[in-house]
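Rule-based calculations on the coordinates, nothing more; no lab input. The shown structure was predicted, so the numbers you read here are calculated from the model rather than taken from an experiment. Virtual Cβ from ideal backbone geometry, glycine too; neighbours counted across all protein chains shown.
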Amino acid sequence: MKITSTFDLSADFVLFEGDTLKLLPSIPSGFVKLVVTSPPYNLGKPYETRMDLDAYLLEQTKVIEECIRVTSDDGSVCWQVGNYVKNGEIVPLDIILYPIFASRGLKLRNRIVWHFGHGLHTSKRFSGRYEVILWFTKTDDYLFNLDPVRVPQKYPGKKHFKGPRKGELSGNPLGKNPSDVWVIPNVKANHIEKTVHPCQFPIELIERLVLSLTNENDWVLDPFMGVGSAAIAALMHHRKAIGAEIMPEYVAIAKDRIHQAETGRLKMRPMDRPVYEPDGSSTYVPPRVISLDQSIQGILLENDGQYHVEEGE
């Protein structure tokens, strides 16, 4: 696999160490199929400088405009954000960022709620347990592959009991649409993917977006790459990745994780593992070992049986 530190058409993974606004101008217009990222939340984390909210939005606008430029007409931009917090008051970043995208012609397809069970506990408001992914497209003619990301049906053997389709499966055997609420554990201390990054993407969160919004050999861009989870999700499914990261420590970790994946040693939480239930009802699914030589999770379920999908299912 070819990894480069500057933009290169022949690379498999471009990992630029430095400010993302120094990388983005080197990418051709319409080049990437998917932009997926979690930008700094302006909370004063080690990788960001806390600034006035208006100044933060101005910086975000510069990055967003470049990301829109480099996205293909049938491509998508996914911006995953939480809340900006000051003096105990929260400002939902998806609400204040939405007008930036909308005013530049992008169309919001879903406001995906990412729900997780663990996080900081608060005493003067309810503890936050979700963040939001804003999925935008540039046009109405956009790529969307539902089959690779379907989840198991609640009643997989349910059949039509009357009418012309009596006896046929009423649901798709590939599974159902995962909806716009995703229950995926966040990366905390005992998570198999945990590194030193304080706000790390779980690979399966990005994997779902990669599988549904790109095809093989497409380019996936993360302008705030962190420790490389978006790149891993792309590369393990035969896409190409490009991104920037300003923290040298995170760049080194990203490179090491990619090397582990190349040699079949990188472990991840599998997409089909149930969320842990304290009553012991969860079925244990062991960690998956990522190998960049083969796609480990093309789709969740096998394609078999006759079925009829109702309008809107």
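List of remarks:
- Choice from ILE95, ILE133, ILE27 showing the highest fluctuation, given a GNM over the chain with Cα pairs closer than 10 Å: ILE95
- Taking only the alpha carbons of region 3-144, we obtain Rg and Dmax values of 16.4, 53 Å in that order.
- Relative contact order for the chain, counting Cα pairs under 8 Å that sit 6 or more residues apart, in percent: 20 percent
- Ranking LEU53, PHE7, PRO287 by Cα position along the charge dipole of region 3-290, where only Lys, Arg, Asp and Glu carry charges on their C-beta atoms, puts PRO287 farthest toward the positive end.
- Restricting the trypsin sites (Lys or Arg not before Pro) of region 117-170 to loop positions (DSSP other than H, G, I, E, B) with no more than 11 neighbouring Cβ atoms within 10 Å leaves LYS124, ARG125, LYS154, LYS158, LYS162, LYS166.
- DSSP-defined antiparallel bridges as percent of all bridges, the chain, nearest 5: 50 percent
- Inter-site label distance for HIS115 and ILE95 at 7 Å from Cα along Cβ, in nm: 2.1 nm
- The longest part of the chain holding none of the exposed loop chymotrypsin sites (Phe, Trp or Tyr not before Pro), meaning those outside H, G, I, E and B in DSSP with at most 13 other Cβ atoms within 10 Å, is 1-125.
- Computed lengthening from TYR155 to ASN215, 0.36 nm per intervening residue step minus Cα-Cα distance: 18.6 nm
- Full-extension gain in nm, ASP141 to PHE126, via 0.36 nm per residue minus C-alpha separation: 1.4 nm
- Point-charge dipole on Cβ atoms (K/R +1, D/E -1) for region 83-241, about Cα centre, debye to 20: 700 debye
- Positive-end residue of TYR98, HIS121, GLY18, charge dipole of the chain with Cβ unit charges: HIS121
- FRET efficiency, 1/(1 + (r/R0)^6) with R0 25 Å, evaluated for HIS191 and THR263 via beta carbons: 0.70
- Flagged links, alpha-carbon separation over 23 Å, of LYS62/LYS107; LYS62/LYS255; LYS188/LYS267; LYS2/LYS33: LYS62/LYS255
- Per-residue Cβ neighbour rank within 10 angstrom, fewest leading, VAL227, VAL81: VAL81, VAL227
- Over region 3-290, the pair-distance histogram of Cα-Cα distances with 10 Å bins from zero comes to 6, 27, 35, 22, 7, 2, 0 percent, rounded to whole numbers.
- The chain - mean residue ellipticity at 222 nm from DSSP helices (-39,500 (n - 2.57) per run, n ≥ 4, rounded to 500): -6500 deg cm²/dmol
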